[in-house]
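The values are calculated or read from the model by the stated rules, or taken from the named source; none is laboratory data. From a predicted model like this one, the values you see are computed outputs, not experimental measurements. Cβ atoms come from the backbone with ideal geometry, glycine included; neighbour counts cover every protein chain shown.
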Amino acid sequence: MKSTLSSTRNAGQPLGELELEVMKALWRRSAATGKNVWEEVTTTRKAALTTILTVIDRLCHKGLVGKSKDEGLLIYRPLITKEDYTKQTAGKMLKDYMNLSSSSLVASFVDALDELQDGELEKLSALIEKKKREGRG
């Protein structure tokens, strides 16, 4: 089996809507042909097979998806986990926005967190206190 895996050089960049759908399909399957990905994506949206293959190719060039040949079929695999992608992308976005106004960003984040998830503010507060203690020690 021939492999052409590359680094995840653009992992911190947010993906477009269709790119994200393709990545979600690959994260669920861990390895798939282009047709497998197309079949999964088209359960929730309309897209041509050629469009999905183009998106997969773009994700390969971005270093987020690797491809290998197995018995004449191209098999695609995510080169980054969903968790790592989320962490890297969120981190980059936060840094970018914090350069504009860190207090406004944090206030918006706290408001959204309070509205969306019970108990998360307490977890965030505990994390802040832990970081404060680590900084003093």
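T33 - would you say it is touching a residue at least 12 places away in the same chain (Cβ under 8 Å), surrounded by fewer than 21 Cβ atoms within 10 Å (Cβ to Cβ) and either touching a strand residue (DSSP E or B) at 6+ places or on another chain (Cβ under 6 Å) or under 11 Å from R77 (Cα atoms) (or both)? Yes, satisfied. The set of residues from region 39-66 being within 19 Å of P14 (Cβ to Cβ), aliphatic (A, V, I, L, M) and surrounded by fewer than 16 Cβ atoms within 10 Å (Cβ to Cβ) is empty.
Among residues of region 82-108 that are free of Cβ contacts under 8 Å to residues at least 60 places away in the same chain, those with a beta-carbon under 8 Å from a residue that is surrounded by 11 or more Cβ atoms within 10 Å (Cβ to Cβ) and among the aromatic types (F, W, Y) at least six positions away or on a different chain give the pairs K82/W27; L105/Y97. Evaluate the following for L74: is it surrounded by 14 or more Cβ atoms within 10 Å (Cβ to Cβ) and touching a residue at least 12 places away in the same chain (Cβ under 8 Å)? Yes; evaluated as a whole, the condition is true for this residue.
Can you tell me which condition S101 does not meet? The list is (1) hydroxyl-bearing (S, T, Y); (2) farther than 30 Å from A32 by Cβ; (3) at pLDDT 80 or above, and all the others hold. Answer for S101: the failing condition is (3). In region 56-67, the residues that are closer than 12 Å to M23 by Cβ and in contact (Cβ under 8 Å) with a residue 40 or more places away in the chain form Cβ pairs under 9 Å with partners that are in a helix (DSSP H, G or I) and among the acidic types (D, E), at six or more places apart or across chains, as follows: L59/E19; K62/E19; L64/E19; V65/D57. Looking at G91, G63, just one residue is among the small types (G, A, S) and in the same structural domain as V110 (by TED's automatic domain parsing), and that residue is G91.
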